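All remarks here apply to the structure that follows.
The values are calculated or read from the model by the stated rules, or taken from the named source; none is laboratory data. Because the structure is predicted, anything quoted here is derived from the model rather than measured. Ideal geometry is used to build each Cβ from the backbone, glycine not excepted, and the neighbour counts take in all protein chains shown. With ligands, DNA and RNA removed, areas are computed over all heavy atoms of the protein, side chains included. Shrake-Rupley method; radii C 1.70, N 1.55, O 1.52, S 1.80 Å.
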Amino acid sequence: MNNYEEKFTKAIENTFFKKLSLDEQDFIKEKAKEFKFSHQDIKQIIDISRDLTLWDEGNIIDIFPSYEHKKAILQKIKKEYELLKNKANSYNEFTPHNISSEQKFTFKVQEKKGFGLGLCPVASEKTRCCNLLTLDAVESCGFDCSYCSIQSFYNQNTITFDSKFAEKLKNLQLEKNKTYHIGTGQSSDSLMFGNREGVLDALFDFAKNNPNVILEFKTKSDNIKYFLENDVPKNIIVTWSLNTQTIIDNEEHLTASLDKRILSARRLADKGVKVGFHFHPIVEYEGYLDEYQRVYEKLLVQFRPDEVVLVSFGTLTFIKPVIKQLRGRDFKTKITQIPHIDASGKTSYPESTKIDMFKSAYEAFKPWQSGEDKVFFYMCMEPHELWQKCFGYNYSTNNDFERAMLSAYAKKLDMEFLL
Ligand code: SF4
């Protein structure tokens, strides 16, 4: 191996070079030698080429300019890359590729250290947050949403159940004179595995024995069998993460369709179970506002406000490990093809885009924002100042937000609100 070969081999260590096509590999190797690219230059060019392939936007060979000077070449490549990141995506000609039609995972049952109850893993004082407590009933998820950060925490192909979950839940000591809001559905989907390992039995018993707990099951599934066959304690709410069918088809792989999710919510509401809807993430693409508007209108037609506890809005926020994880996957996604503006240490859309998506969403639900049965609306994990700009009001602290949320939920569930 000659000196240049050695240098280049070193430069591509811990990069996605091997994930690129052979043509791209040869091209980058040749250009790196011709223009004496630094290790940093080579890594950046590899990441850019990987992203273009993921986004189905060609590759580095397509945007590499025929200039003579390295600096001008790198500037041009970055400019082209930024243009592609900042343009509104289109799913018209897009196909996700390599998405298996069935879930492939193994189940594991073992005693877990500790007990997965804690503050919402993405809660922060930098954003207006509701102080949700999350309960990890199951670890890892059988769905495959491209934007999901769970994938960077857990082994995706193994679903783990805590053999002592029911016992730990039974022994959990909570203050009796305080209202709690506890959600499952952060570390896995709350309904997709049904009552496997007795998880739903344990959670229903927990709700019955702790009438001061508002227990939220969050899901993208239509597996409501257990809820139809069993008495559902009144302090349980079931909430669906909804999205447009375009995003479900292209980015929320293996999950239930929009109509199946809405029908499942309708069937539980018919049984008197209070439901809710999370639009998170709202994703920008050509024509997205109209497509989301049609989903909002569907809910306004199919549900009465007294049946619905909450509607929340949120959007894409990325941490570096998830972006890296996605670059390593063998599928196509447009989910990281966004401007990646800094958002409290993560990256997301610019404020103007967020105002477009959240203001139009909130205004669409005007009929549910007044009267005795009004629904509670909130934005998840967004900066304080965005509330005033989108909702016309704000909470001065996260505790105020939490209090407003829990008292609204308790009222809708006909529970006493204990401060
Ligand atoms: S607003 Fe969202 S991120 Fe913040 S604590 Fe609540 S659920 Fe978690």
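In the stretch 392-416, which residue that is farther than 19 Å from Thr127 by Cβ and open to solvent by less than 70 Å² (accessible area, probe 1.4 Å) is farthest from the chain's Cα centre (by Cα)? Walk me through it before giving the result.
In the first step, residues of the stretch 392-416 are kept if they are farther than 19 Å from Thr127 by Cβ; the result is 407-416.
Of the ones still in play, those that are also open to solvent by less than 70 Å² (accessible area, probe 1.4 Å) are 407-410, 412-413, 415.
Values: Ser407: 26, Ala408: 25, Tyr409: 23, Ala410: 26, Lys412: 26, Leu413: 27, Met415: 30 Å.
It comes out as Met415.
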- Query: Restricting attention to the stretch 165-184, which residues are assigned to a helix (DSSP H, G or I) and among the charged types (D, E, K, R)?
  - Reply: Glu167, Lys168, Lys170
- Any pair with Cβ under 8 angstrom, 6 or more apart, that starts in the stretch 67-83 at a residue that is within 21 Å of Gln337 (Cβ to Cβ) and ends at one that is in a helix (DSSP H, G or I) and charged (D, E, K, R): Leu74/Asp41; Tyr81/Asp51
- Query: Restricting the first residue to the stretch 106-129 and requiring it to be in contact (Cβ under 8 Å) with a residue 24 or more places away in the chain and part of a loop (DSSP other than H, G, I, E, B), which pairs with a second residue that is acidic (Asp, Glu) and within 16 Å of the ligand (Cβ to nearest atom) meet a Cβ separation below 8 Å and a spacing of at least six or different chains?
  - Reply: Gly116/Asp136
- Query: What number of residues in the stretch 348-391 are open to solvent by less than 50 Å² (accessible area, probe 1.4 Å) and either more than 16 Å from the ligand (Cβ to nearest atom) or not in a strand (DSSP E or B) (or both)?
  - Reply: 21
- Answer yes or no as to whether Cys380 is within 30 Å of Tyr409 (Cα to Cα) and in contact with a Lys or Arg (Cβ under 6 Å, 6 or more places away or on another chain). no
- Check whether at least one residue in the stretch 109-121 is at pLDDT below 95 and in contact with a Gly (Cβ under 8 Å, 6 or more places away or on another chain), and report yes or no. yes
- Task: Return the only residue of Glu175, Glu125 being within 22 Å of Phe401 (Cβ to Cβ), open to solvent by 20 Å² or more (accessible area, probe 1.4 Å) and within 16 Å of the ligand (Cβ to nearest atom).
- Result: Glu125
- Is one or more of the residues making up the stretch 107-120 in contact with a helix residue (DSSP H, G or I) (Cβ under 6 Å, 6 or more places away or on another chain), away from the ligand (no atom under 16 Å from the Cβ) and farther than 30 Å from Lys170 by Cα? no
